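Remarks on the structure that follows.
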Amino acid sequence: MPKLKVDGIEVEVPAGATVMQACEAAGKEIPRFCYHERLSIAGNCRMCLVEVKPGPPKPQASCALPAADNQEVFTNTPMVKNAREGVMEFLLINHPLDCPICDQGGECDLQDQAMAYGRGASRYAENKRAVTEKYMGPIVKTVMTRCIQCTRCVRFAEEVAGVEEIGAIYRGENMQITSYLEHAVTSELSGNIVDLCPVGALTSKPYAFEARPWELKKTLTIDVMDAVGTNIRLDSRGRQVLRCLPVINDDVNEEWATDKTRHAIDGLVRKRLDRPFVRRDGKLQPASWDEAFDAIVSVEAGASVAAIAGDLVDCETMFAAKALLKGLGSSLLEGRQTGLDYDVSSISALNFNTTIAGTEEADAILLIGTNLRWEAPLVNTRVRKAIKRGAKVFAIGPEVDLTYRAQWLGADLAVLGDLPEAVAEAFGKAERPMVILGGAALKAGLGGALAFAARFNLVREGWNGFNTVHMAAARMGALMLGYAQAGGIADIAAAAPKLVFFLGADEVDFSRFAGATKVYVGHHGDKGAAAADIILPAASYAEKSGTWVNLEGRVQRGERAVFAPGDAREDWTIFRALSDRLGQPLPFDTLDELRAQMAAEVPALGELGLARFDWNPPALPAEARGVIERYPIADFYLTNAICRASPTMQRCSAELIHGENFAEAAE
């Protein structure tokens, strides 16, 4: 480990560290534009100049210079100061005076570093150059005259997103960053380049001219658009969420977020349910809460009650509904609204046991029935990192573009019993092998996948390589709370309940419950509300504090950012109030009391962090039969009610999935 001095402070850094990292270890701030710790080193902005001895008598770029023993680094000498001022002066030669109208204002690295390291005036009076705007799709707005060619966006697209559609054309002063043929960037992670851009060249198109950062209230919460559990920050003004940004969590999402996570938020104010409704004479009519509760009580269902949880609900809602049904004498609970009915006797076999971060360490990976790029994009980026470390990837299912090269073994699950030699050899030699089982193969292929895991010893000391990838934010929490029937939703339909609660469940086959009174407890006027007999308006994930469990069993909590519109209420309070009317009052009056009881029933839900499940796989037939014809997600951008209400997601779907063209007005 090299030892060196930074401004007289002796530091020791790991082998392979750069001088910039050594300076940071010594507590010195080094300005930079092109350098980013999660991307490769470019060394083309020259802002991170320092003086190094022994070495040539000139400033050197600290981001690209390896740290070595006996180096002496100086970060504040006159040479360094003059060099940085010169670099900043060059960067600003062509930069327009757009700060008053630039969406990056207040959060701009160029502003901050120009104040800290720049000259008080420029010596250049020539005309500034101008660059035509580039089209990058419905997510990213470009003002390329502001670009300083740091190439962060280029490196992100290639290295993280895996979509090589952004690059540079021309040379020198004429260099321009553009998308391929100026078409929309087809990555579901494209919004991250807005965060990476250190100036205002790339900004968020849906958020353009909406607000300044100092106007916004910032709330930390958890994303529910998929099962990854991305840590996010919701920025709100008044009663509306205006922006969603990722929060750094190296164990879950690093510092990335999908475009769906970022931009589905404009669906939170559209198609909302803001008052109760009761169906009278075949039509849904507005009603008061008392009238809606009276309609439920009038059913006189007794113990013939069921609850079906949707994809976005929190654990508190499911626990309150379960407690109400238990008081009524029912245990008809289901969280797999689309009809999946795989074996649920062992949660350990339904968990992402390797963990999201652990995926990077794998050296042989088999994907079974999963389009990981759409089902869990931020797990897909970890597979890319594993490949860079030498991992081999094989896949069973219809071929799709995963952003990396995989060896496809066909779509027939029978291949699990008759593996090609290359697969058997790779997994036989692997030290950290893993299998990822998707929803398309979960029922027919679970036994075969478990047999594969046993054959190649995927579960060993210090490593569990058996993984199931879920697509719903509520799925793991639902399984932990017992929202699972042996035969799935078919068992509930067979029981013919008189009263069914749909907890934000919009993807159910409602024809199965034609004879029941359907109560929809949710926040959007989507499929569930259209089929309901009674609607109880609830809060979305942004409007309540809740607990969610991600696909690796990580218990996380989010906070309320804004209040629900109109007469809508937090879901658990609806069940608490309804329980009084049904004569079965629930034994909690506050969220803390509810969480205490939930933790008493399921201790893992009372502690934040990774819940560990003892490996106890079910005994299932090892033969896997069936052909995977399609994957569960047909349209990445329209997977839930919030997305379907979002104009931005509808535009993304139309343009990026269905190939529609949109004319851009000249500016």
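The values are calculated or read from the model by the stated rules, or taken from the named source; none is laboratory data. Keep in mind that what you see is a predicted model, and the values were worked out from it rather than measured. Glycine gets a Cβ as well: all are built from the backbone with ideal geometry, and neighbour counts include every protein chain shown. In case anyone asks, the SASA skips ligands and DNA or RNA and just uses the protein heavy atoms, side chains included. Shrake-Rupley method; radii C 1.70, N 1.55, O 1.52, S 1.80 Å.
So that you can scan it fast, the table gives a plain yes or no per residue for (1) at positive phi; (2) open to solvent by less than 40 Å² (accessible area, probe 1.4 Å); (3) charged (D, E, K, R):
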residue: L608; (1), (2), (3): no, no, no
residue: L620; (1), (2), (3): no, no, no
residue: P647; (1), (2), (3): no, no, no
residue: S653; (1), (2), (3): no, yes, no
residue: G659; (1), (2), (3): yes, no, no
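Which one of R46, R38, R84 is in contact with a Cys (Cβ under 9 Å, 6 or more places away or on another chain), among the basic types (K, R) and assigned to a loop (DSSP other than H, G, I, E, B)?
On the way: R38 fails: in contact with a Cys (Cβ under 9 Å, 6 or more places away or on another chain); R84 fails: assigned to a loop (DSSP other than H, G, I, E, B).
Going through R46, R38, R84 in turn, the sole match is R46.
In the list R455, R460, R432, which residue meets the criterion of being open to solvent by 10 Å² or more (accessible area, probe 1.4 Å), in contact with a strand residue (DSSP E or B) (Cβ under 8 Å, 6 or more places away or on another chain), on the phi < 0 side of the Ramachandran plot and basic (K, R)?
Values: R455 fails: in contact with a strand residue (DSSP E or B) (Cβ under 8 Å, 6 or more places away or on another chain); R460 fails: in contact with a strand residue (DSSP E or B) (Cβ under 8 Å, 6 or more places away or on another chain).
Testing whether each residue is open to solvent by 10 Å² or more (accessible area, probe 1.4 Å), in contact with a strand residue (DSSP E or B) (Cβ under 8 Å, 6 or more places away or on another chain), on the phi < 0 side of the Ramachandran plot and basic (K, R) leaves just R432.
Residues that are open to solvent by 50 Å² or more (accessible area, probe 1.4 Å) and under 28 Å from the mean Cα position of the chain (by Cα) within the range 580-595 comprise just one, D592.
Looking across the range 472-500, the residues that are over 21 Å from T370 (Cβ atoms), hydrophobic (A, V, I, L, M, F, W, C) and touching a residue at least 12 places away in the same chain (Cβ under 8 Å) come down to M480, L481, A486, I489, A490, I492, A493, A495, A496, L499, V500. Only one of the numbered conditions (1) surrounded by fewer than 21 Cβ atoms within 10 Å (Cβ to Cβ); (2) in a helix (DSSP H, G or I); (3) over 26 Å from the mean Cα position of the chain (by Cα) is violated by A604, and that is (3). Answer yes if at least one residue in the range 122-129 is of a type outside the set (A, V, I, L, M), surrounded by 14 or more Cβ atoms within 10 Å (Cβ to Cβ) and touching a helix residue (DSSP H, G or I) at 6+ places or on another chain (Cβ under 8 Å), and no otherwise. Within the range 122-129, not a single residue is of a type outside the set (A, V, I, L, M), surrounded by 14 or more Cβ atoms within 10 Å (Cβ to Cβ) and touching a helix residue (DSSP H, G or I) at 6+ places or on another chain (Cβ under 8 Å). When each of E85, E107 is tested for being open to solvent by 20 Å² or more (accessible area, probe 1.4 Å), touching a residue at least 24 places away in the same chain (Cβ under 8 Å) and more than 30 Å from Q650 (Cβ to Cβ), the lone residue that passes is E85.
So which residues in the range 137-153 are under 30 Å from H658 (Cβ atoms) and surrounded by fewer than 21 Cβ atoms within 10 Å (Cβ to Cβ)? Residue satisfying the conditions is M144 alone. Of the residues making up the range 202-230, those that are part of a loop (DSSP other than H, G, I, E, B) and within 26 Å of I633 (Cα to Cα) are K205, P206, D223, V224, M225, D226, A227, V228, G229, T230.
Here's a check for you: in the range 230-284, which residue that is under 23 Å from the mean Cα position of the chain (by Cα) and free of Cβ contacts under 8 Å to residues at least 24 places away in the same chain is most open to solvent (accessible area, probe 1.4 Å)? My answer is I248.
Residues checked against (1) in contact (Cβ under 8 Å) with a residue 12 or more places away in the chain; (2) in contact with a Phe, Trp or Tyr (Cβ under 9 Å, 6 or more places away or on another chain); (3) in a loop (DSSP other than H, G, I, E, B):
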{"residue": "F575", "(1), (2), (3)": "yes, yes, no"}
{"residue": "E593", "(1), (2), (3)": "no, no, no"}
{"residue": "F613", "(1), (2), (3)": "yes, no, yes"}
{"residue": "N616", "(1), (2), (3)": "yes, no, yes"}
{"residue": "E623", "(1), (2), (3)": "yes, no, yes"}
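Listed by position, the helices (runs of 4 or more DSSP H) contained in the range 323-433 that have at least 2 residues being within 26 Å of V252 (Cα to Cα) and free of Cβ contacts under 8 Å to residues at least 24 places away in the same chain are 377-388.
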